[in-house]
Amino acid sequence: MSKELRIGEIVAGHFHREGPLLPILHEVQEEFGCVDAESEALIAKALNWSRADVHGVVSFYHDFLANPDPRPEVQICRAEACKARGIESMMDEAQQAAGDRVKLSAVYCLGLCSAGPAARMGETLHARLDTGSLASLIENA
Amino acid sequence: MTQTIVRISDDALARAVGADALAAAFEKQGCDVQRTSSWGMHWLEPLVEIDGKGFGPATLADVDAILSGTSDRAIGAIEDHPFIARQQRLTFARAGKTRPLSLEDYEGTGGWSGLKRARQIGSDAIIEEVTRSGLRGRGGAGFPAGIKWRTVANAVGDRKYIVCNADEGDSGTFADRMMMEGDPYALIEGMAIAGEAVGALKGFVYIRSEYPDAIRKMERAAQLCAHIIAPFEVEIRVGAGAYVCGEETSLLNSLEGVRGEVRAKPPLPAIRGLFGRPTVVNNVLTLSAVPHILGEGGANDYEALGMGRSKGTMPIQLAGNIKHGGLYEAAFGVTLGELVNDIGGGTHSGRPVKAVQVGGPLGAYLPPEQFDIVFDYEAYTAADALIGHGGITVFDDTADMGSMARFAMEFCAAESCGKCTPCRIGSVRGIELIDRILAGKETGGGRQPDRIELSPVMQNAPKRGRTAEEEIELLTDLCETMKFGSLCALGGFTPYPVLSALKHWPQDFTGEAVAERELGTVPGGKGA
Ligand SMILES: Cc1cc2nc3c(=O)[nH]c(=O)nc-3n(C[C@H](O)[C@H](O)[C@H](O)COP(=O)(O)O)c2cc1C
Ligand code: SF4
Ligand code: FES
């Protein structure tokens, strides 16, 4: 199926909802790994919005990426409670374990603040990490 | 032989430390494993419960010993554990006790009785009871829920909405997450009661995307109880990683599908909210407290707890470098020292406590000297601090408060919605300024004038550079501008962690020598 048709389908699937754009963007991001300029144009057309309107929304939120990144991703919490439990001193080794192969991104709180440091891979959460377990999590990503 | 019933939480935190594998192991041993909500004793997760007795933190290696009764992980009867016994759980009454998605468990523990009663007594009486209970918004601002509901009930609109703010962006907080994952029907019941009170038929729950488990459970719960709450309807929406979307007007924009920029108030969302219609925006904990309040006599019971104008109980979250972290629901009035030392058991690392941040990333850092401050909205405001969403993040003496202050500015810069200058630009200037100050720590502080300052057109720029004292004065001045010139609390409250860190730990900014010299001279400094 062409991208145009698929995005048309996604938009149609949410069109009846009040304020459909965020659910649409989530599904496009999920399916194509990004919401690129082409997708923005297609979504804008299907909703009868201007491309600028859609781009403004896409670029506002951290979750939507302009380009796909094929690398596996590990999100590491860098917020206060995890800092208090030492995440910053573990980041050098984490970067080393990641190299160019794994994408490490910062998130600000996963709601596991009493048992940090915490990380997330896809739908799976990890807590009480130490330098070793974080590195092996990244190596196995 | 009867099967042993083993209860293990399916809360995200328990799962993040191995509860799923543990549950599978007990099943393999022929046990009947029930996945319940979490008791909130997070240092003991995964916690295994058999006949009311607890074992934790349990690993796969402990399974056999637990079943044969010889495990050294035994903590005795869970309900008698001091951490639980000392609490007054109203909002979290079911925590640890029920299976989150079981309608049978929910009804069996008094579920839906608040909604039933609400439907009998009608709009006016519901709002009257919520007002009488003294319930205030648990999302941060502490606005009385009853007054907000009254405004929406009186507002004219062809449709009205109930919006549940489940963005829980504050680090150090997780009570909303635990509520949604552990007792989702209580939140939905609270929303349905709010709908009954103000005349709304539609509710949205806006959940941050960092909470996959909560999203999944709330979606399922909304389906399973649709017939009970009808004609009221609940729809789950997922955020997209913007902290500022926790601010209520930004959240409404996000729900509408536009940029999550903060709106100027007035008009209040209660008058013109979602799609321009009258809208109740309440935090998860505010709405989840409602079913209890609407129970027979609930409003009076609630009002009888707490102190001053802070009524009822607050689910407090003990986080960061703390030995006994988790969820602690208590009546207002408990002191910070009790929370951190007696209940929390001090630091996880065993080192002395250096600082405690209360109220998330926008909350002040408090030193142990202020541990007698009582949990009360007004007491915290008076101390230039805030309760916020009730998160308490503990730091030991290895924490560097200069870098924590820098982080506060960094976070503000990353998450600013961009609408107003003091926040959008001030936070970036704040990072640069703190970097300069920290860089001067080794050299004794101060800095040389830069190329721009030296150029003749910069007539007002000092040509001799700045002393450390002057740099700090500049930072204080910037913070004042952000405090009074920002539209919302992101820009307006970021100065609290920065200034409190500067006030109590000046040596972390400028080094010991300068801090000594400065005492008493820095505006907002210790001696001021
Ligand atoms: C930057 C910012 C972030 C906020 N984040 C949240 C949040 O994550 N959850 C929340 O309930 N309230 C948050 N608030 C407060 C909301 O604006 C609003 O006061 C609250 O949702 C009202 O509900 P309540 O009266 O039940 O507390 C935030 C406010 C600001 C300024
Ligand atoms: S203070 Fe910051 S987040 Fe709030 S409205 Fe202004 S720019 Fe937006
Ligand atoms: S601060 Fe890291 S999980 Fe909350």
Virtual spin-label span in nm between A:Glu31 and B:Gln507, 7 Å along Cα→Cβ
6.0
Where labels lie 7 Å past Cα in the beta-carbon direction, separation of A:Asn140 and A:Trp49 in nm:
4.0
Antiparallel DSSP beta bridges within chain B, percent to nearest 5:
50
Could you give me the ³J(HN,Hα) list for segment B:372-382, computed from phi with Karplus coefficients 6.51, -1.76, 1.60 and θ = phi - 60°, whole Hz, x at Gly and Pro?
8, 5, 8, 6, 6, 3, 5, 4, 5, 4, 4
What average count of beta carbons from other chains do you get within 10 Å of the Cβ of residues in B:301-313?
0
Tilt, helix B:145-154 to longest principal axis of chain B (alpha-carbon atoms), in degrees rounded to tens, equals 80
Would you work out if chain B is rounded, prolate or oblate? Take a ≥ b ≥ c from the square roots of the eigenvalues of the alpha-carbon gyration tensor; rounded if a/c is under 1.5, else prolate when a/b is larger than b/c, oblate otherwise.
oblate
I need two numbers for the protein assembly as shown: Rg to one decimal and Dmax as a whole number, Cα atoms only, in Å.
25.2, 93
How large is ³J(HN,Hα) for each residue in segment B:402-413, as worked out from phi by the Karplus curve 6.51 cos²θ - 1.76 cosθ + 1.60 (θ = phi - 60°), to whole Hz, x for Gly and Pro?
x, 6, 5, 5, 4, 4, 4, 5, 4, 5, 4, 5
Counting Lys and Arg as +1 and Asp and Glu as -1, each charge on the Cβ, what is the dipole of the protein assembly as shown about the Cα centre in debye, to the nearest 20?
1280
Pop the C-beta distance of B:Glu107 and B:Asp397 into the FRET formula with R0 = 51 Å and round what comes out to the nearest 0.05.
0.55
Amide proton proximity set for B:Ile236, modelled H, under 5 Å, gap of 5+:
B:Val205
Kindly provide the pair-distance distribution of segment B:401-519 built from C-alpha pairs, with 10 Å bins from 0 and whole-percent values in order of increasing distance.
15, 43, 32, 10, 0
Which angle between 0 and 90 degrees, to the nearest 10, do you get for helix B:468-485 versus the longest principal axis of chain B when only C-alpha atoms count?
50
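Among the DSSP beta bridges whose two residues both lie in segment B:5-85, what percent are antiparallel, rounded to the nearest 5?
Roughly 60 percent of the beta bridges in segment B:5-85 run antiparallel, per DSSP.
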Check which residues have an amide H placed less than 5 Å from A:His62's amide H, if you skip close sequence neighbours.
B:Ala242
With +1 assigned to the C-beta of every Lys and Arg and -1 to the C-beta of every Asp and Glu, and no other charges, what is the dipole magnitude of segment B:103-304 about the Cα centre in debye, to the nearest 20?
700
Can you give me the three principal axis dimensions of segment B:103-304 from its C-alpha atoms, in Å, biggest first?
43, 36, 32
So what's the gap between the Cα centers of segment B:203-262 and segment A:64-141, to the nearest angstrom?
26
For residues of B:243-256, the mean tally of beta carbons on other chains within 10 Å:
2
Highest first, please rank the peptides B:52-63, B:227-238 by the mean number of other Cβ atoms sitting within 10 Å of their residues.
B:52-63, B:227-238
Please give the net charge around B:Ser71, taking every other residue with its beta carbon less than 14 angstrom from that of B:Ser71, where Lys and Arg add +1 and Asp and Glu add -1.
-3
What is the packing order of peptides B:98-109, B:212-223, taking the mean over residues of other C-beta atoms within 10 Å and listing the highest first?
B:212-223, B:98-109
From the phi of every residue in segment A:50-65, what ³J(HN,Hα) in whole Hz does the Karplus formula 6.51 cos²θ - 1.76 cosθ + 1.60 yield, where θ is phi - 60° and glycine or proline is x?
7, 4, 4, 4, 5, 4, x, 6, 4, 6, 6, 9, 5, 6, 9, 9
Could you tell me the relative contact order of chain B? Use alpha-carbon pairs under 8 Å, at least six residues apart, and round to a whole percent.
13
Mean residue ellipticity (222 nm) of chain B, computed from DSSP H runs ≥ 4 via -39,500 (n - 2.57), nearest 500:
-11500 deg cm²/dmol
Shielding of B:205-213 by partner chains, average beta-carbon count, 10 Å
4
May I ask you to order B:198-209, B:74-85 by the average number of other C-beta atoms within 10 Å around their residues, highest value first?
B:198-209, B:74-85
So for the protein assembly as shown: antiparallel DSSP bridges make up what percent, rounded to the nearest 5?
50
If you filter segment B:410-488 for GluC sites (Glu not before Pro), then keep DSSP loop positions with at most 14 other Cβ within 10 Å, what is left?
B:Glu442
Degrees separating the helix B:426-439 axis from the principal Cα axis of chain B, which is the longest one:
70
With r defined as the distance between the Cβ atoms of B:Ala93 and B:Glu128 and R0 fixed at 22 Å, what FRET efficiency is calculated, to the nearest 0.05?
0.40
What nm value, rounded to one decimal, do you get for the distance between B:Glu432 and B:Arg216 when each label is placed 7 Å out toward the C-beta?
4.6
Does segment B:285-381 come out rounded, prolate or oblate by the C-alpha gyration tensor, with a ≥ b ≥ c the root eigenvalues, rounded set by a/c under 1.5 and, if not, prolate when a/b is larger than b/c and oblate if not?
prolate
Equivalent-ellipsoid semi-axes (√(5λ), Cα gyration tensor) for segment A:73-139, whole Å, largest first?
17, 12, 10
Which entries in the list B:Lys116/B:Lys148; B:Lys97/B:Lys202; A:Lys45/B:Lys217; B:Lys323/B:Lys483 go over 27 Å, if you measure between the two C-alpha atoms of each?
B:Lys97/B:Lys202; A:Lys45/B:Lys217; B:Lys323/B:Lys483
For segment B:349-412 versus segment B:38-58, the gap between their alpha-carbon centres in whole angstrom:
29
How high is the FRET efficiency between B:Arg119 and B:Asp158 when r is their beta carbon distance and R₀ equals 22 Å, given to the nearest 0.05?
0.45
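Every number here is computed from the coordinates shown, using simple stated rules; none is lab data. What you are looking at is a predicted structure, and each value in this text was computed from that prediction instead of being measured. Note: ideal-geometry Cβ built from the backbone for every residue, glycine included; neighbour counts use all protein chains shown.
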